[in-house]
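Read the structure below first, then the notes.
The values are calculated or read from the model by the stated rules, or taken from the named source; none is laboratory data. Model, not experiment: these values are computed from the prediction. Don't worry about glycine lacking a Cβ; one is built from the backbone with ideal geometry, like all the others, and counts go over all protein chains shown. Just the protein is used for accessible areas: all its heavy atoms, side chains included, with ligands, DNA and RNA removed. Shrake-Rupley method; radii C 1.70, N 1.55, O 1.52, S 1.80 Å.
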Amino acid sequence: DNQRQRLYDAERDCFGKSSYFIGDFAESCAFVNKVWSSKWTKKHYRRAYSYSVPRITDGRGRRSASGSLFRIKLPVFARSKWAILHEVAHSLTFALNTAGHGWEFARCYLDLVQHFLGADDAILLKMSFRDYKVKWARKRQ
């Protein structure tokens with residue numbers, strides 16, 4: 001997971017800590033459900049089509065958010081749309097036998113940002129990925 005810190009730095013520079021903050025646990029759950037259940041997500045990510053929405057917990061007592069195929073943990077500070085999309089990207093790329101924050105994850109995250117936050121935010125995130133040398137595409141042959 002050699003680009004994890006670079007990816008964290010890139011998204012923090014792009015979105016900051018308060019951008020798209022939701023805060024409310026129920027609204028955060030609704031956003032996860034909206035993303036996971038959307039026709040777009042099901043078309044582009046078979047896992048969303050094959051599996052039900054991951055169980056969402058409030059992440060009480062955690063120092064970080066986490067996402068896997070079956071569970072997403074969202075402490076209060078991680079209840080922003082961009083952080084939720086980050087965890088959904090983990091859920092969608094979980095068990096692909098790749099690095100947790102590798103290029104496949106970064107590509108999925110960028111796609112989710114583009115679709116659910118908009119092209120402007122996706123462009124800003126891609127620029128931030130470039131600045132921090134985060135890979136989001138397969139290496140050219």
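Structure above, values below:
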| item | result |
| --- | --- |
| Qualifying residue in region 121-136 (condition: open to solvent by 30 Å² or more (accessible area, probe 1.4 Å), touching a Leu at 6+ places or on another chain (Cβ under 6 Å) and touching a residue at least 12 places away in the same chain (Cβ under 8 Å)) | yes |
| Any hit, region 27-46, residues being charged (D, E, K, R), buried (at least 16 other Cβ atoms within 10 Å of the Cβ), within 19 Å of Thr98 (Cβ to Cβ) and modelled with pLDDT under 90 | no |
| Index of the failed condition, Ile84 passing every other in (1) without any contact (Cβ under 8 Å) to a residue 40 or more places away in the chain; (2) buried (at least 16 other Cβ atoms within 10 Å of the Cβ) | (1) |
| Val35 within 25 Å of Leu124 (Cα to Cα) and either touching a residue at least 12 places away in the same chain (Cβ under 8 Å) or among the β-branched types (Val, Ile, Thr) (or both) | yes |
| Lys126 in a loop (DSSP other than H, G, I, E, B) and under 22 Å from Arg4 (Cβ atoms) | no |
| Number of the exception - Tyr51 against (1) modelled with pLDDT of 90 or more; (2) open to solvent by 40 Å² or more (accessible area, probe 1.4 Å); (3) over 13 Å from the mean Cα position of the chain (by Cα) | (1) |
| Scan of region 90-108 for residues that are open to solvent by 40 Å² or more (accessible area, probe 1.4 Å) and either within 15 Å of Ala48 (Cβ to Cβ) or assigned to a helix (DSSP H, G or I) (or both), ordered by number | Phe94, Ala95, Leu96, Trp103, Glu104, Arg107 |
